[in-house]
1. Cut-off 18 Å, label point 7 angstrom out along Cα-to-Cβ of Ser85: give me the residues of segment 39-63 whose amide nitrogen falls inside.
2. Provide the three semi-axes, in whole Å and in decreasing order, of the ellipsoid equivalent to segment 31-122 as defined by the square roots of 5 times the Cα gyration tensor eigenvalues.
3. Using modelled backbone amide H atoms (1.01 Å from N, in-plane), which distant-in-sequence or interchain residues come within less than 5 Å of Thr92's amide H?
4. Compute a Gaussian network model of the chain, connecting alpha carbons closer than 10 Å, and tell me which residue from Val71, Val48, Val99 fluctuates the most.
5. Across segment 1-77, what fraction of all alpha-carbon pairs, as a whole percent, falls in each successive 10 Å bin from zero upward?
6. List the trypsin sites (Lys or Arg not before Pro) within segment 1-73 that DSSP assigns to loop and that have no more than 16 neighbouring Cβ atoms inside 10 Å.
7. For Leu14 and Ile115, FRET efficiency with R0 = 22 Å and r from the beta-carbon atoms, rounded to 0.05?
8. Could you pull out the trypsin sites (Lys or Arg not before Pro) across segment 79-109 that fall in loop regions by DSSP (anything but H, G, I, E, B) with no more than 12 other Cβ atoms inside 10 Å?
Amino acid sequence: MTSSPKAAALRRHLAPKQKVWLAWDGVFLMGPNYLRFLAAVEKTGTIVGGGRAVGWSYRTCLNRLRRMEKVLGRPVLTTTRGGRSGGGASLTPEARRLVRVFTQWQREVERLTRIAFRQAWR
């Protein structure tokens, strides 16, 4: 069956989007911005660098980290204090696993969403 010109025009302008997040025992743990933040901390080696990637202030970063750690009941980052040699931050093994799992899950959700959206037009 051929779609009408109006349907074809409508389809060209529409794109499926969704937002996914993880909950721990029903409590929000992390969403896409948290994922970008944690990945940027791992890449830059600093909380400030991670915050820049998502537009968060240092205070917001610390608050979000504390919230995540409270929900998980364990640290998300290992840190070293600043000073002459400079400080640093890296993800704990558990946080790295969360980033990996969330990233793979998000990609799969996006892939399946595109498939379902195409099928809905049939």
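Read-outs: derived from the displayed coordinates by stated rules, not from any lab. Note that this is a predicted model, so its numbers are computed, not measured. Cβ atoms come from the backbone with ideal geometry, glycine included; neighbour counts cover every protein chain shown.
1. Backbone N within reach: 45-47.
2. Square roots of five times the eigenvalues give 32, 13, 12 Å.
3. Answer set, sorted by chain and number: Leu77, Thr78.
4. Answer for the Gaussian network model of the chain: Val71.
5. Spelled out bin by bin, segment 1-77 gives 17, 36, 18, 11, 13, 5 percent.
6. The qualifying sites are Lys17, Lys19.
7. The value I calculate is 0.90.
8. Of the trypsin sites (Lys or Arg not before Pro), the ones in loops of segment 79-109 whose Cβ has at most 12 other Cβ atoms within 10 Å are Arg81, Arg84.
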